[in-house]
Each structure stands twice: as C-alpha cells, then as structure tokens.
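The values are calculated or read from the model by the stated rules, or taken from the named source; none is laboratory data. Fair warning: this is a prediction, and the values are worked out from it, not measured in the lab. Note: ideal-geometry Cβ built from the backbone for every residue, glycine included; neighbour counts use all protein chains shown. Remember, those area values only see protein heavy atoms, side chains included, never the ligands or the DNA or RNA. Shrake-Rupley method; radii C 1.70, N 1.55, O 1.52, S 1.80 Å.
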Amino acid sequence: MTWLRFLLCIFFCDCIESSCRLTSSELTPDMSLDGNIIIGVVVPVHVDKIFPKVNYKERPGPAICKSFRLDNYQRVQAVHFAVEEINKDPNFLPNVTLGFQIFDSCVVLQRAVSGILQLLSGYGRPLPNYRCNQETRLAAVIGHSVSTYSILLAHILGLYRYPQISHYSTSSLLSNRVQFRSFFRTVPSDSFQSQGLAQLVLHFGWTWIGLVALDNDYGQQGIQIVKRDIIKAGACVAFTETIISSQQDRNAPHIARVVKDSTATAVVIFSTDIDLSFVLDEMMRQNVTGKVWIASEAWSTSSSLSVNKYSRLLLGTIGFALHSGSMPGFGDFLNRINLSMVVGNQWIKIFWEQLFGCKFPDQMSPKVISNSSIKECTGRESLENFRNSYNDVASLRVPYNIYTAVHVVAKSLHDLGKCRKGDGPFLNGSCADIENFKPWQLLHYMKKLSLNRSDGRQLFFDENGDPPAVYDIVNWQLSPEGKLQQVTVGSYDTRMTSGNVFTINTSNVHWGTGDLGVPVSVCSPSCPPGSRKAARKGQPSCCFQCISCSDREIGNQTDSLQCTKCPWDMWPNPTRDHCVPKTQEFLSHEDPLGITLTATGISSSLVPVAIFGLFIRYRTTPIVRANNYSLSCLLLVSLSLCFLCSLVFIGYPQYEICFLRQVTFGVVFALCVSCLLAKTIMVVIAFKATRPGSQLRKWTRPHVSYLVVISCILIQLFLCIMWLTFSPPFLEVKSESNSGVLVIQCNEGSPLAFWSMLGYLGLLASISFIVAFFARRLPDSFNEAKFITFSMLAFLSVWLSYIPASLSSRGKYMVAMEIFAIQSSTWSLVICMFLPKCYIIVFRPDMNSREKLIAKQKNQRN
C-alpha cells in the first residue's frame, strides 16, 4: 500500500509536469535536520522582500528576501537547540529521533502557504491531499509569528488535524475553537494583553488616550479591546489611527501630525517593530516630543528600535512583554555556530557576513571587490567577542517561547509513546503507534498536555488552546552606558488566584517626558473638591468644565459629578469640600455687645439701689416724705429689677430662660409702671381731698396706692399665666438660608400674647401719662405729676421706637434692641423721677425743708 501511494504521487507529479498550466515553483527547506519524526517550522528570518515585476508573459518569479534579522535567526537556533537537547536525552522519546524543516516566509503570505504545503506533501512541490514522503512523519507545525499568517495556515492545517503551535501569534481570533480546531500557542491571547494594557493606562490615571494600530488582525483586534475597556472604565479616546502596511510610508506623515497636534500624552501602539519604525522616523522628522508610548508585546522589547536613533523619542516607553525564561546552555550553543556546520549553512553565511561586516569571496561582485572598505570573511572570526541581539540570552522571550513549542510537541509525542494497550484514550482502549500515528491522535495528547518549563512554571492549554497569560511590564530606560534597555518593573499574571493579577512598582519607572512624577494625560484637569464636572457640548465625557458648588452644597471628592447639600445645621467651609457646623448666633456673654449690655445692666441696677439707700438715710426729710415714701421705695426696687431683668436676655437661650424671661420683664415693668400710676392717682386724690367737705380724704390712705399696684400686677400676671398655659415661649434654632449662621433664639410662642403683655404696659403708661399731664399744675407741697409726665413720655417714646426696630432686626440684634429698650426706658424713669430729688438732697439741702416747701406751695397758689 505504501508503494502504491508513492507511485501515485510520482504519477500525479508527472501529470502535472506534462500538463499545460502554471505550476508552483519548488520550495525547499531553508534549514533542516533529519529525523524519524519531523517538526515543521514556518517563521520569518528575513523581514522584508522585493517582488519581481510582472509582465504577464512568463511565470512570476518568487519574492526576493531581504533584511536578515539576527534576533529572528536566534529563534531558529532555539529550535535547533531544543531538538538537539531532546535527542540527547535517553529517557525522552527512546528510539525516536526528532528532526525539523524550517521555511523562511520573509513575511510573504505566499511563501508561508507554500512552506506548509511542502511540509504536508513531503515532496519537492506542494501536492494537496497527498503525502509522498513516507519515510518520516510530520508531527506538528510551529508558526507563524504573524497572526494573520497563522490564521490562514490554521485553516489549512485544521483540515488535516495537524497540530499547529505558534510562538508569537497573539490575535484573539485564534482562540475560536470552532474555526481553528488544532491551533495552540505558547504566548497569551491578545485579549489578555489588551485588558492588561487598559489596566496599565488606567493605573496611571490617564483618561485621554491616543490609539495607533497596525491594519492587520493583530493590531485591529488588540486595539479594539483596549478601546472597549478604557471606555468602559470611564476614560476617553483622543484619536484612533491605523498604520497601513500596504502603503510605502505606512501612513506615517498623517499619524505623526495627529499625534503631535493631540493633547493626549499617552499613546497606545499595537504594531510590529518593522512597521512602527516608519512612523517613528516620521515623528523624528516632525519633532514629536512629550509623549508616553504604551507598547504592545510585538515591539516592547524590539532590538531594532532600542537604538540610539530613537532614544530621545522612546525613552520612558512602558508596555507589556512576553514573560522571559532561561535556556541553560543556549548561550554556548549560539557561540558554537561556525561555517563548517551543515545544518543551515546557507543562513550561517548570511549571518556571518552581517555580524562581522564582511563578504565571502564567492558572494563578492566586481563592484564589491573594488570597494576597499568591504573586508573579506575568513571564517576564523570569533563570536565570543560580540554582544548583540543574537547572543544576548539575558532575557529570552520569543526564543524561549519557540523553544517551549518544540518541547510541547516532544512531550506530546512522549505521552503518546508511553500509552499501554488497553489503557489508551482511543476506541476500545487502543493506543497510537508512535511510528505510524495520525495527526488527530497527537492532537489529543496535546490538548491534555502538562509541561513543566525550565523557569518552574507549568504550561497547559485551556479549551481554546491558550496558555496561562503571563506578561512582564517593561520600561525603556537608559543604561549606564547611555543605551536603551528594557527594565522589568511589574507583571501581569492571570494565574494569581488572589485577584491581584496586575502589579507594578511605579517608583522604578523612568519617564522620558521630563516629569518628576507620573505624566498627566487628560483632556481636562481634574475638578478639585468643592466643584463638580459639567459636560462640554459635543465633546467626550473626559472633556468637561469645573463649576463651583452653590452656597449650600459641597463636593468632597475630586471629579464629583454632582454637589451634595449640607444638612440644615451645617454649612460649606470656604473651599466647599466638606460641611462644618454653622456658627451659632445668640447674644452671649463673650460677645462684645453682650459684655457691654451686661455691664450696663449690672451697673445701672446699682443706681436705684444707691438712691434707695439715700432715701432711707433722708427718709425723715420733707422731700422724701412728701411723695409717698413707701411707693418711692417700691418704685426704686422695681427699677433695679428692671435693669437686672435685662440680664435674662443675655446668654444661651435655654428652655427655662425662654419660658420665663418675657414674663419676668412684663411683671417687673408692670410693677414699675403701676407704682407710677399709683403715685399719679394719689397726687390727684390728695389735691381733691384738701378741699372743704371732700369725700376723698379717706382715699388718701397708703393702702389705696397698694391696692392700685396690686390690681395692675394681677392683671399682668393673669395675661402671662394665660400665655404660658396655652402658647408658651420655646427655644428655637433657626437656620438662615443663605448664611452659615444658626440663630438660637426664643420663640415667643404666641405673638398676640407678647404684644398683649407689652400693650398692657403701654396702656398703664398711657393712663399714667394722661393723668399726670392734667395734674402737673396742681398745687402741692411737691407735685410729682410733671416728673411722671416726662418719665412716661420718655418711656412711651422708647417702646414706640422699639416696635419698628424689632420688626426689622433678626437674631441677637433683635434681643439687643429689647435690652436696649428695657435699659433706656428704665433710665428715663430713674432720671425723670429721682434725679431732681437727689439733686436737692445732695446738693441743695437748704431746699429740703418744710418752710421752703410751704413757701413754694403758696407761690404756686398765688
């Protein structure tokens, strides 16, 4: 059967050769190693190409590969190193020798497809559905590094169930298990990277972000996830630009202008280093500065960009990089490469010429020979003296992933070979034959793989063929020698069960913008506490204006969306970032006004006491005895109490004080005014009683005046009791709407009762004034009517002035007005009633005699 297939292959090939049609050109492996089982590798070693001109008259020639990359060649050597390492292990894959066939795609899709078809057919020309080489088995294919290419190759390999392992394709599209049934990778999906980059951006507080992406699946899919996550978190996108790989300038002039003109400081770039270099060159020409670049893993550790040319532009770049690992002995292996080696000799020559800057004689044209600056390669040059991207094994990332991919294939083959008949995973417990296994059988073992890597981490694949996502966060800094280097400053590890998958040491990050702290990338500066954000019409939510909170509101957080009202008893502080208790306003003893009124009330209360003492001393003198000595003493006591009752209005208005202070004022003043009324009535009665046959003589007795005083006080007491019973005064805390003041005051309860009490005092004073006014000219030994008239006139004037003043004042000033009215009206009584008598007693004792009073009375009658 095997021979039959082989003959069919030859026949089919001959038929194709003899037919009149365009046929594919032969494509042989660029580097190969024989073995029982072959691992296919399709990777770009050259990163540029030249397409020959097409004249449509002859078959187009193949693309010419250009730009041999040393770091890509290092990846190829990692495959070689891994295969040799596996073959040397006697306990691993016994009686099986691994080999490989490596095809250089030169980043040309046609070459990548041709390489896959060559691996599948095993013949000089690709023959779909035929495998002509039966001597070796194709186990799996490693590649491609470009996601777009891997997608196409996965469609082809998936038809045959051949396992495909990519070491660098990160597009999230490849996680679709329906479309890509046999695809695996040793790098995380871009969905993890994009989410991590979004977290990185938000970690530094950047809310105004620019996005630049390559126009392939890798760039567009990755940048869309970043955009989705940052918008979901409340950040905004300043611009989104695309690097167009089909254009010669990659759309670089337009991108550079947009980045330069944008106010966004942070720019996320999803691109390969080759395509990004065009944009960076243009940014250098346009002098773009002051930007922070957030790098995807495709260029975050690029050696081609870590050169002095871009150091000013890329210094401070931060981004995600594939997790690095160690490959013991790999450095020595790289340095053992020499021209005598058969495996990959063609690439070794290219590598040698590029590394040492020389040319082999068989590669020199006459023009090159004539150029004396080009030296000839001797083959004796030493690799030990070079330290570059080729033999730098300090931080292996992509080479480590392709090295791991080889071990994945080998471990799967090893697990397949260990199967015991009857315990196998296939029908009836059968096992696969390692010498003649099917691709789908190896695929089964690869899905169940568990590989302990050299860095101590365990590798396995989830249901989508993705490994656990682990990234290093790197920052581009200057080394002591002044060269750009990538320093690991954090990590992003989705395996962390604590949920803290993102860690970064911000203090180790160096920025290239000149900022001492983290650079700012916002459309609008944050609104400080005490203000709120207001959207700008027609602009993203990150572009806003700050509006101060109103008089009764605060904003206690940065970037508050709305202000919060303070409680009724609190008020915003001057910066309006928190509420403070309102100032309590009442007429206190510590207040200058309160101190003044207190001192005035106490000192004034001593004046009636002093006069009372004077009256007691001179109680036998005519001027004291002439005007009802007992009523005068009672009046002096009431006047002293009037001064003292004003003190009840000063201080914190407690409930008891509120309850009694107006009543105290009303009763004391009723006593004072009733005494004056009694004096006035007694003057009139005394004059009328001196007439012959008058019936009023019996009313001149002292108890009549006491009866008048008691009657007047009882009426006032009745009014006050009714007031306190039905609507008593109470403590009231009143918040002024537009000020930070709490007015602590006594609410009178019933305004009608208060004005009735005050009106009653006015009635008594008015009656006293009227009676005294008509009795002012009555002859008597010492007629007080005129003094009572003046005192009541002053008393009524004060309280009539108080009414409009009290209605126009608030808080402590209204209380101060009442105290002033109390003290002023009391002083008017003291001055008008007792100052003349005191003057005579103290300074004119000669007038304080019976003869003078009788003489004065006679003069009045004449």
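Structure notes:
- Mean silhouette area of region 181-263, derived from the convex hull of its C-alpha atoms and averaged over all directions, reads 7.0 nm².
- FRET efficiency for the pair Phe754 and Leu516, taken as 1/(1 + (r/R0)^6) with r the Cβ-Cβ distance and R0 = 60 Å, rounds to 0.30.
- Karplus-derived HN-Hα couplings along region 248-263 (A = 6.51, B = -1.76, C = 1.60, θ = phi - 60°), whole Hz, x at Gly and Pro: 5, 8, 6, 6, 5, x, 5, 4, 4, 5, 5, 5, 5, 7, 6, 7
- The angle between the Cα long axis of helix 398-417 and the main principal axis of the chain comes to about 60°, on a 0 to 90 degree scale.
- Within the shell of other residues whose beta carbon sits under 11 angstrom from the beta carbon of Asn36, the net charge comes to -2, with Lys and Arg scored +1 and Asp and Glu -1.
- Phi-based couplings in Hz for region 294-308 (Karplus 6.51, -1.76, 1.60; Gly and Pro marked x): 9, 9, 7, 5, 5, 9, 5, 10, 5, 6, 6, 9, 7, 10, 4
- Over 32 Å (Cα to Cα) - which of Lys88/Lys447; Lys679/Lys734; Lys49/Lys359 fall in this group: Lys679/Lys734
- Scaled against 2.2 N^0.38 Å for its residue count N, the alpha carbon radius of gyration of the chain is 1.88.
- Accessible carbon and sulfur surface of the chain relative to its total accessible area, %, 1.4 Å: 56 percent
- Proximal charge balance of Pro729 [Cβ under 12 Å; K/R count +1, D/E count -1]: -2
- Helix 217-232 and the longest principal axis of the C-alpha atoms of the chain enclose an angle of approximately 10°.
- Based on protein heavy atoms only, the chain ends up with 48 Å² per residue of surface accessible to a 1.4 Å probe.
- Among the trypsin sites (Lys or Arg not before Pro) found in region 506-608, those both in a DSSP coil and sparsely packed, with 11 or fewer other Cβ atoms within 10 Å of their Cβ, are Lys537.
- Full extension of the segment from Leu606 to Lys418, taken as 0.36 nm per residue of separation minus the current Cα-Cα distance, would add 55.9 nm.
- Among the trypsin sites (Lys or Arg not before Pro) within region 60-147, not one is in coil by DSSP while having at most 10 neighbouring Cβ atoms inside 10 Å.
- Length gained on full extension, Glu381 to Leu707: 103.6 nm, using 0.36 nm per residue less the C-alpha separation.
- Sparse-neighbourhood loop sites, chymotrypsin sites (Phe, Trp or Tyr not before Pro) in region 479-585 - DSSP loop, at most 15 other Cβ within 10 angstrom: Trp568
- Positive-pole candidate from Ile595, Leu314, Asn335, dipole of the chain, charges at beta carbon: Ile595
- Nearest-0.05 FRET efficiency for Ser824 and Ser849, computed from C-beta distance (R0 25 Å): 0.10
- 222 nm mean residue ellipticity, helices alone, for the chain (DSSP H n ≥ 4; -39,500 (n - 2.57); rounded to 500): -14000 deg cm²/dmol
- Taking amide H positions as modeled 1.01 Å from N, with prolines and chain starts lacking one, the residues under 5 Å from Glu585 and 5 or more places away or on another chain are Leu742, Val743, Ile744.
- Isotropic mean projected area of the C-alpha convex hull, region 739-847 (nm²): 9.3 nm²
- Note on Lys260: aspartates and glutamates with a C-alpha under 14 Å away, same-chain residues under 8 apart excluded, are Glu241, Asp281, Glu282.
- Amide H within-cut-off set for Phe544, under 5 Å, with H built and near neighbours excluded: Ser524
- Compared with the alpha-carbon gap, the fully stretched path from Lys438 to Ser373 is longer by 17.8 nm at 0.36 nm per residue.
- Angle in degrees between helix 629-645 and the longest Cα principal axis of the chain, rounded to the nearest 10: 10 degrees
- ³J(HN,Hα), Karplus 6.51/-1.76/1.60, whole Hz, each residue of region 441-451, x for Gly, Pro: 5, 5, 4, 4, 5, 5, 5, 8, 5, 9, 10
- Inter-centroid distance (Cα atoms) of region 279-341 relative to region 533-589, Å: 50 Å
- Within the shell defined by Cβ-Cβ distances under 10 Å, the residues around Phe270 carry a net charge of -2, with Lys and Arg each +1 and Asp and Glu each -1.
- Cross-link table Lys418/Lys438; Lys411/Lys438; Lys57/Lys349, entries beyond 24 Å C-alpha to C-alpha: Lys57/Lys349
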